[in-house]
Amino acid sequence: MGKITGFLEFTRELPHKRPVQERINDYKEFVQRYTDQKLNEQSARCMDCGTPFCHEGCPVGNLIPEFNDAVYRKSWQEAYEILSSTNNFPEFTGRICPAPCESACVLGINQPAITIEEIEKHIIEIAFESGFVQPKIPNVRTGKKIAIIGSGPAGMAAASQLNSAGHSVTIFERDDEPGGLLRYGIPDFKLEKWVVERRINIMKEEGVEIKCNANVGVNISINDLLREYHAIVLAGGSTIPRDLNIPGRELKGIHFAMDFLKQQNKRVSEKEIENEAILATGKNVVVIGGGDTGSDCVGTSNRQKAASVTQFELMPMPPKSRTPFMPWPTYPMILKTTSSHEEGANRHWAIATKEFLGDENGNLKAVKIVDLQWKFTEENKPAQFVEVPGSESEIPCERAFLAMGFLHPQHEGLLNQLDIELDQRGNVKATEKEFHTNIAKIFSAGDMRRGQSLVVWAISEGRECARKVDEYLMGYSLLPTKDQNILHQVI
């Protein structure tokens, strides 16, 4: 590495953020850039460790010590080439990834881990500013045509890889703009949409065709695609939200989190809102669900000037640091305080929502909740909870956002028409290593196949699936795999 003693001389530092009272007045990204000196110091912390577990912790197999070394030496084009060899979209993961690589960092055994995610974001932004990121148009086309259904991170990654192999790729997106979750699920204050548009434009220049307002199974015939294309990749994501069927669910003011977030993303992009406006302005908001989607609802509610924001989580409060049951280098399930929480929210754990209460006009006015006591039974058996007697209470609430995760992809339409085989959870059943469904020439990747997961896993799935499609069409593939990336680093 560039500075063998760097991890002894410098500690972990994250870039500054714009002050809370400033940033909650707009939807702009608020994490600032490192100074040149700080970026150099943070990259210098990367150790010359014998076995770099970080690249195994990374779902796409990023060659992290190598690009850290290049950053330390200020060899920016080299850093970009190393990073882009394993990750199609580091500008996305550098902003919204929970960084499982950092949990696996060897330095993290007894010191704060290296700021891998931030370094990754700096590499790709410097690469764009320096003109290193240019469309890579294949010299030869194979004559094979591939349809990708879904333009989220899995579909985009598969399209990018297959296009680079010389195939003609068309993405079908049912929304009015491409990007999937990146476009309409993640708030602009975490990922501004010009970042997504910048990458989409590059892919178009490389030859990827994108058709929007193209809902396969509704206004686009799947039979036409089966006749016209040599292979099809299903990458439609996990889109059916988990509901909360308790008394009062029909009251006005209760919404799925993604409906709320998608509408605000459209509002920020100055797009027409087709349905009734969902706004938290001046309301007491309750967010049910403690994950990233719930956190995004908190941040959006604060920007809409909610009167109060309260977030409930069914599970007990996680520990603040690793326990013996979360050994390094596994990803630890510890307490996560997001930037949205920093902006203001009342957080409660081990809470069950019993009933939504309404007024005489059918509007939500409060939620009835109860405390839970969790009992952890024998190893490998699910924990159980009981309600704490006498703990029921009511909280004023005029807006409730359900952010309890997603069940499976939408079955109505495309999947039912294909009569494709599903797994026990309702996801598309496709082999783990081959990504092949039970129907000839149809593959699946991303959340539609593996269930609700991370953007970085979707990118990994899209890349791995692309190789299998390439092998299916050509009999071989030169597209890289994650295992090959890791082997390259070991060598």
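Tally the residues that are in a helix (DSSP H, G or I) and within 25 Å of K190 (Cα to Cα), restricting the search to the range 428-456.
Step one: list which residues in the range 428-456 are in a helix (DSSP H, G or I), which gives 447-450, 455-456.
Filter again for within 25 Å of K190 (Cα to Cα), leaving 447-448, 450, 455-456.
Count: 5.
Run down G294, G299 and say which single residue is in contact with a Ser or Thr (Cβ under 7 Å, 6 or more places away or on another chain) and at pLDDT 95 or above.
Working: G294 fails: in contact with a Ser or Thr (Cβ under 7 Å, 6 or more places away or on another chain).
The conditions single out G299.
State the number of residues belonging to the range 113-143 that are β-branched (V, I, T) and in a loop (DSSP other than H, G, I, E, B).
Of the residues in that region, 6 qualify.
I'm trying to understand the selection: among the residues of the range 311-352, which are at pLDDT 95 or above and among the basic types (K, R)?
R347
Within the range 101-116, is even one residue outside the structural domain of D188 (by TED's automatic domain parsing), under 23 Å from S340 (Cβ atoms), charged (D, E, K, R) and buried (at least 21 other Cβ atoms within 10 Å of the Cβ)?
yes
Taking the criterion of being surrounded by 15 or more Cβ atoms within 10 Å (Cβ to Cβ), assigned to a loop (DSSP other than H, G, I, E, B) and not polar (S, T, N, Q), would at least one residue in the range 457-471 satisfy it?
Scanning the range 457-471, I find no residue that is surrounded by 15 or more Cβ atoms within 10 Å (Cβ to Cβ), assigned to a loop (DSSP other than H, G, I, E, B) and not polar (S, T, N, Q), so the answer is no.
Could you list, in sequence order, the residues of the range 347-375 that are closer than 23 Å to P389 by Cα, surrounded by 15 or more Cβ atoms within 10 Å (Cβ to Cβ) and not hydrophobic (A, V, I, L, M, F, W, C)?
The initial filter retains those residues of the range 347-375 that are closer than 23 Å to P389 by Cα, namely 347-357, 366-375.
Of the ones still in play, those that are also surrounded by 15 or more Cβ atoms within 10 Å (Cβ to Cβ) are 347-357, 366-372.
Scanning the range 347-375 gives R347, H348, T353, K354, E355, K368, D371.
Give, as residue ranges, the strands (runs of 3 or more DSSP E) completely inside the range 306-424 that count at least 2 residues that are farther than 29 Å from G446 by Cβ and not charged (D, E, K, R).
Here the list reads 308-313, 346-349, 351-358, 364-375, 384-387, 393-396.
In the range 427-456, which residues are farther than 18 Å from N87 by Cα, among the small types (G, A, S) and either buried (at least 24 other Cβ atoms within 10 Å of the Cβ) or without any contact (Cβ under 8 Å) to a residue 40 or more places away in the chain (or both)?
Correct list: A430, A440, S444.
Here are the criteria: (1) assigned to a helix (DSSP H, G or I); (2) among the small types (G, A, S); (3) in contact with an Asp or Glu (Cβ under 7 Å, 6 or more places away or on another chain). Tell me which single one S160 does not satisfy.
The number of the failed condition is (3).
So, in the range 150-188, exactly how many residues are at negative phi and more than 15 Å from the chain's Cα centre (by Cα)? Lay out the reasoning, then the answer.
First, the residues of the range 150-188 that are at negative phi: 151-165, 167-178, 181-188.
Next cut, more than 15 Å from the chain's Cα centre (by Cα) only: 158-165, 167-178.
Of the residues in that region, 20 qualify.
Hey, could you check the range 26-54 for residues that are surrounded by fewer than 21 Cβ atoms within 10 Å (Cβ to Cβ) and among the charged types (D, E, K, R) and say which is nearest to the chain's Cα centre (by Cα)?
So, considering only residues that are surrounded by fewer than 21 Cβ atoms within 10 Å (Cβ to Cβ) and among the charged types (D, E, K, R), the one nearest to the chain's Cα centre (by Cα) is E29.
Can we say A154 is in the same structural domain as W457 (by TED's automatic domain parsing), aliphatic (A, V, I, L, M) and out of contact with any helix residue (DSSP H, G or I) (no Cβ under 8 Å at 6 or more places or on another chain)?
No: the conditions fail for A154.
With I220, I278, I240 as the choices, which residue is out of contact with any helix residue (DSSP H, G or I) (no Cβ under 8 Å at 6 or more places or on another chain), within 23 Å of I186 (Cβ to Cβ) and touching a residue at least 12 places away in the same chain (Cβ under 8 Å)?
The match here is I240.
Restricting attention to the range 167-219, which residues are in contact with a Lys or Arg (Cβ under 6 Å, 6 or more places away or on another chain), buried (at least 22 other Cβ atoms within 10 Å of the Cβ) and in a loop (DSSP other than H, G, I, E, B)?
Scanning the range 167-219 gives H167, L191.
Select from the range 313-339 the residues that are closer than 30 Å to N25 by Cβ and out of contact with any helix residue (DSSP H, G or I) (no Cβ under 9 Å at 6 or more places or on another chain) and list them in ascending order.
Passing the criteria: L335, T337.
How many residues are within 26 Å of K145 (Cβ to Cβ) and either of a type in the set (K, R) or out of contact with any Leu (no Cβ under 8 Å at 6 or more places or on another chain) (or both) if we restrict to the range 182-209?
Final tally of qualifying residues: 13.
Do we find a residue being aliphatic (A, V, I, L, M), assigned by TED's automatic domain parsing to the domain that holds M333 and within 17 Å of the chain's Cα centre (by Cα) anywhere in the range 258-268?
yes
The values are calculated or read from the model by the stated rules, or taken from the named source; none is laboratory data. Note that the structure is a prediction, hence the values are computed from the model and not measured. Please note: Cβ atoms are built from the backbone with ideal geometry, for glycine as well, and neighbour counts cover all protein chains shown.
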